[in-house]
Amino acid sequence: MWERDGGEGVGCGRGLGRYLRCMALPDVVLLTKADCHLCTEARAAVERVTKSLGVQWTEQGIDGDPQLQQRFAEEIPVVLVNGIQRDFWKIDEERLTRTLKKVLED
């Protein structure tokens, strides 16, 4: 699993204000697998969207996880936001942006 910070160095840091801000940030996970050309495109799309919003994201390969393989094998790549599947195959950047903005506003 790799952690991305959108190039802005966004992190929790110290202090109550920063802690509360991190608690409100969406958890964005891109599920991928080896030899997946759509995963390369999805990785770039997620990077663009999260970077523009100052949100971190992680990438998790499903190849070593039988449960993830069984659940998502035919849908990879998959974007999860706060544990909920939000997109798969070709990532819609506008939809992901709307979803993340909504989470950030709540």
- [ ] Determine whether segment 69-81 contains at least one residue that is of a type in the set (D, E, K, R) and either at pLDDT 95 or above or in contact with a Gly (Cβ under 6 Å, 6 or more places away or on another chain) (or both).
- [x] yes
Open item on the list: Looking at segment 50-87 only, could you name the residues that are of a type in the set (A, V, I, L, M, F, W, C), surrounded by 14 or more Cβ atoms within 10 Å (Cβ to Cβ) and part of a strand (DSSP E or B)?
Closed with: Trp57, Val78, Val79, Leu80, Val81
Open item on the list: So for segment 88-106 (the condition being under 15 Å from Pro26 (Cβ atoms), at pLDDT below 95, assigned to a loop (DSSP other than H, G, I, E, B) and not hydrophobic (A, V, I, L, M, F, W, C)), does at least one residue qualify?
Closed with: yes
Open item on the list: Under 7 Å between Cβ atoms, which residue pairs at least 6 apart in sequence (or on different chains) link something in segment 16-34 that is modelled with pLDDT under 55 with a partner that is loosely packed, with under 14 Cβ neighbours inside 10 Å?
Closed with: Arg18/Cys12; Tyr19/Cys12; Cys22/Cys12
TODO: Taking Arg95 as the residue in question, decide whether it is surrounded by 15 or more Cβ atoms within 10 Å (Cβ to Cβ) and of a type in the set (D, E, K, R).
DONE: no
Task: All positions within segment 82-106 that are hydrophobic (A, V, I, L, M, F, W, C) and under 24 Å from Ala34 (Cβ atoms) - done: Phe88, Trp89, Ile91, Leu96
Open item on the list: Just to be sure I understand, how many residues within segment 24-49 are out of contact with any Phe, Trp or Tyr (no Cβ under 8 Å at 6 or more places or on another chain), more than 17 Å from Leu100 (Cβ to Cβ) and in a helix (DSSP H, G or I)?
Closed with: 4
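The values are calculated or read from the model by the stated rules, or taken from the named source; none is laboratory data. What you are looking at is a predicted structure, and each value in this text was computed from that prediction instead of being measured. FYI the Cβ positions are ideal-geometry reconstructions off the backbone, even for glycines, and counts take in every protein chain you see.
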